[in-house]
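Every read-out reported here was derived from the displayed coordinates using simple, explicitly stated rules and does not represent laboratory data. Keep in mind it's a predicted model, so treat the numbers as computed, not measured. Virtual Cβ from ideal backbone geometry, glycine too; neighbours counted across all protein chains shown.
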Amino acid sequence: MPQDTIAKELIELLRNSREQAKFLGELGVENVALDSSTDQNAVAPAAITSTAPTAARVAPSANPQPALQAPRRKTNPASPSPANSLFGEFAMTAPALAKSNETLEQIWLDIGDCTRCGLCEGRTQVVHTHGNRNARLMFVGEAPGADEDAQGKPFVGRAGQLLTKMIEAMGMKREDVIIGNVNRCRPPGNRQPTLEEAAICRPFLFREIAAIQPEVIVVMGNTALRNLLEEREGISRVRGKFRDFRGIKVMPTFHPAYLLRDPSKKRETWEDLKMVRDYLDQTI
Ligand code: URA
């Protein structure tokens, strides 16, 4: 290889390493190796910031066959929702997620200028799922906040900026993943959507998931956890272990807005995200 090419690659490697180190620092995980010496899966900062595995994972955005495009599952095993009464009359009915050929536009057309629940009264606009439709990895949050309501895209405010850093710390770009919410309209005062509001809106998210077929979904916070997994326990108890949503792997973790309020939870979140990153690395 010509020397100037090697030099260019080394400079690029260094630049990427610095960027990732910065993100990890901002996530509060710069001392991962020191604090995780007994953890078999712990990765030293130097290893985390190495760009070699990252490059293998990350799709060049312009590439129509990105590395992040999912090797599709051969089967879509039926995985019935656990029988529980968490949602009462709003319980889920469909046990398995059939692969769908719907486009996101078709789903959004169906949503239309939605008035199916009262959240429509306070919203500026409906905020749809946004990102790479070939993504292997999807993030699901709760509902739009003020910034998302104004801009029409999920996770563009402070929590969204932290989410971007989390994604980048995993060695990906925001454009490589897809991001959605259980509810698409901003609840007044950013309150949690009610069970009924969530139950009315989530079928559209499920249809999008069936169309996108991500390999892993990271559910962030209690609303996403409850609505995808019908889980009674809170996020602190169930985070960090892979679960199943109708044949798709799900990692529950803290919501970035919660991390802004309690930064001490960033370390656990990072552990969860590393598991997702390692799983995606292994299955590529
Ligand atoms: N919080 C969420 O749950 N979703 C957003 O889109 C923004 C903040």
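Relative to the present Cα-Cα distance, how much length would full extension add between Ala150 and Glu196 at 0.36 nm per residue of separation?
Values: separation 46, 0.36 × 46 = 16.56 nm, distance 2.42 nm.
Value of the extension gain: 14.1 nm.
Cross-link partners among aspartates and glutamates for Lys266, C-alpha distance below 12 Å, same-chain residues fewer than 8 apart left out?
Lys266 reaches Glu26, Glu30.
Mind scanning Lys165/Lys274; Lys153/Lys241; Lys165/Lys249 and naming the pairs with a C-alpha gap bigger than 18 Å? Each step should come with its number before you reach the end.
Numbers: Lys165/Lys274 14 Å; Lys153/Lys241 29 Å; Lys165/Lys249 22 Å.
In this structure, Lys153/Lys241; Lys165/Lys249 exceed 18 Å between Cα atoms.
Between Leu260 and Leu109, what FRET efficiency follows from the Cβ-Cβ distance if R0 is 51 Å, with the result rounded to 0.05?
0.90
By per-residue mean of other Cβ atoms within 10 Å, what is the highest-first order of 151-158, 109-116, 219-226?
Those peptides, ordered most packed to least, come out 219-226, 151-158, 109-116.
Gap in Å between the Cα centre of the stretch 172-187 and the Cα centre of the stretch 263-283?
Distance between centres, Cα-based: 18 Å.
Would you pull out the residues with amide H under 5 Å of Lys249's amide H, same chain only if 5 or more places away, H placed 1.01 Å from N?
Ile217
With only alpha-carbon atoms in the gyration tensor, what are the semi-axes of the equivalent ellipsoid for the stretch 139-284, in Å, largest first?
In descending order the semi-axes read 21, 18, 16 Å.
Between Asp281 and Ala7, what length in nm is gained on full extension when 0.36 nm per residue of separation is reduced by their alpha carbon distance?
My answer for the length gained is 95.9 nm.
When the dipole is taken about the Cα centre of the stretch 169-284, and only Lys, Arg (+1) and Asp, Glu (-1) are charged at their Cβ, what size is it in debye, to the nearest 20?
That gives a dipole near 280 debye.
What's the ranking of 102-108, 184-190, 141-147 by average number of surrounding C-beta atoms within 10 Å, highest first?
Final packing ranking: 141-147, 184-190, 102-108.
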